[in-house]
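The values are calculated or read from the model by the stated rules, or taken from the named source; none is laboratory data. Only a predicted model underlies this, so the values are computations on that prediction, with no experimental measurement involved. We place every Cβ from the backbone using ideal geometry, glycine too, and count neighbours over all the protein chains shown.
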Amino acid sequence: MKKISFITGDNIKLDGLLYESNISTNEVVISVHGMGSNCFKKREDILASEITKNNISYFCFNNRGHDLTVFVDKYIDGKRRKIIFGTSYEDVLDSYYDITGAIKSMMNIGYEKIHLQGHSLGCTKIVYTYNRLKNDNNSEILSKIKSIILLSLVDIPATQKYSLNGKFDKMIEYAMQKENDNKLTELMPEDAFMHPISVKTYLRYFKYNEKINFSRFGDTSYNFEELNNITVPLFIRWGNVKEMILQDVKELIEFMNSKINNIHKDIGYIDGANHSYEGKELIVVNEILKFI
């Protein structure tokens with residue numbers, strides 16, 4: 001295992017851990033963590049240990065949305081500045097630079113086969129990035145991506161509306177008033193979200209979200225265009241204990257199988273797993289390896 005640092009396309013410095021296979025390989029899994037998380041989770045260690053045993057390297061990195069509030073280095077005209085990010089302050093659309101930066105970092109090392117693996121919000125970031133790469137006709141990077149692995153993809157707006165129990169519209173009104181007052185970096189009220197969140201980030205999730213609102217599990221008329229744009233093999237898993245979904249997991253899987261056209265899709269759930277897959281990591285990684 002070794003530390004890898006890289007600079008994103010918008011000049012942000014990020015760090016990650018590369019777990020190398022003992023046998024030389026040109027294949028790597030790139031892991032994108034979820035909301036408020038980081039690359040130091042026990043799940044990452046277990047997945048990395050098992051995947052590297054199968055002659056595939058594993059790279060997990062801290063994107064600019066790691067933990068709640070962090071300062072990251074940004075280079076402007078050759079000078080380093082500290083910029084505040086973290087889950088509380090990030091713009092999810094910036095994940096494009098984080099993920100493409102990680103991919104290019106692995107390509108520079110010599111990896112030619114890349115599997116993108118996301119957890120929770122990390123899934124949203126991967127799907128958004130993949131679609132932007134396709135819209136930009138970025139064949140150089142797309143040709144390296146061999147599969148997409150999504151663990152616990154979340155319908156963020158729907159779960160938020162459910163958890164607020166009628167307060168959602170008032171929170172949007174509050175956030176928009178703050179935006180009008182040019183106070184985007186202020187925090188939302190404590191009961192607005194499950195953790196501290198800035199007005200800017202809140203509006204991205206729940207108001208200006210047309211580019212990331214593609215997990216509409218409760219919308220039977222939605223055609224899931226963004227997920228159907230994924231032409232490489234697609235793996236999706238959820239847990240069925242305290243998972244962040246509003247549907248019965250079996251019904252959700254049946255629904256998604258009817259909506260997703262990918263001929264190499266593998267959509268299912270891990271029995272007894274929660275949103276973080278605690279205690280079920282070996283089951284998850286074995287299913288991922290079988291899929292790969």
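State which residue is farthest from the chain's Cα centre (by Cα) when the search covers only the range 244-259 and only residues that are part of a loop (DSSP other than H, G, I, E, B) and either among the basic types (K, R) or surrounded by fewer than 17 Cβ atoms within 10 Å (Cβ to Cβ) (or both). Walk me through it before giving the result.
So in the range 244-259, the residues part of a loop (DSSP other than H, G, I, E, B) come out as 244-248.
Within this subset, residues satisfying the condition of being either among the basic types (K, R) or surrounded by fewer than 17 Cβ atoms within 10 Å (Cβ to Cβ) (or both) are 246, 248.
On the way: L246: 19, D248: 22 Å.
Only one residue fits best here, namely D248.
Of (1) on the phi < 0 side of the Ramachandran plot; (2) not hydrophobic (A, V, I, L, M, F, W, C); (3) not assigned by TED's automatic domain parsing to the domain that holds M171, K200 satisfies all except one. Which?
(3)
What number of residues within the range 225-243 satisfy the criterion of being buried (at least 20 other Cβ atoms within 10 Å of the Cβ) and either hydrophobic (A, V, I, L, M, F, W, C) or more than 17 Å from the chain's Cα centre (by Cα) (or both)?
6
Give all pairs with beta carbons closer than 6 Å in which a residue from the range 198-214 that is free of Cβ contacts under 8 Å to residues at least 60 places away in the same chain meets a residue that is of a type in the set (D, E, K, R) and in a loop (DSSP other than H, G, I, E, B); count only pairs at least 6 apart in sequence or on separate chains.
Correct list of pairs: V199/E186.
Hey, could you check the range 54-85 for residues that are within 15 Å of the chain's Cα centre (by Cα) and surrounded by 21 or more Cβ atoms within 10 Å (Cβ to Cβ) and say which is nearest to N38 (Cα to Cα)? Break it down into steps so the answer makes sense when it comes.
Pass one, the range 54-85, residues within 15 Å of the chain's Cα centre (by Cα): 59-67.
Okay, now just the ones that are also surrounded by 21 or more Cβ atoms within 10 Å (Cβ to Cβ), so 59-61, 63-66.
On the way: F59: 12, C60: 9, F61: 7, N63: 8, R64: 10, G65: 9, H66: 5 Å.
Taking the candidates together, the pick is H66.
Here's a check for you: in the range 163-210, which residue that is of a type in the set (G, A, S) and not in a loop (DSSP other than H, G, I, E, B) is nearest to the chain's Cα centre (by Cα)? Write out each step before concluding.
The initial filter retains those residues of the range 163-210 that are of a type in the set (G, A, S), namely 163, 166, 175, 192, 198.
Subset that is not in a loop (DSSP other than H, G, I, E, B): 163, 175, 192, 198.
Numbers: S163: 21, A175: 24, A192: 22, S198: 19 Å.
My answer is S198.
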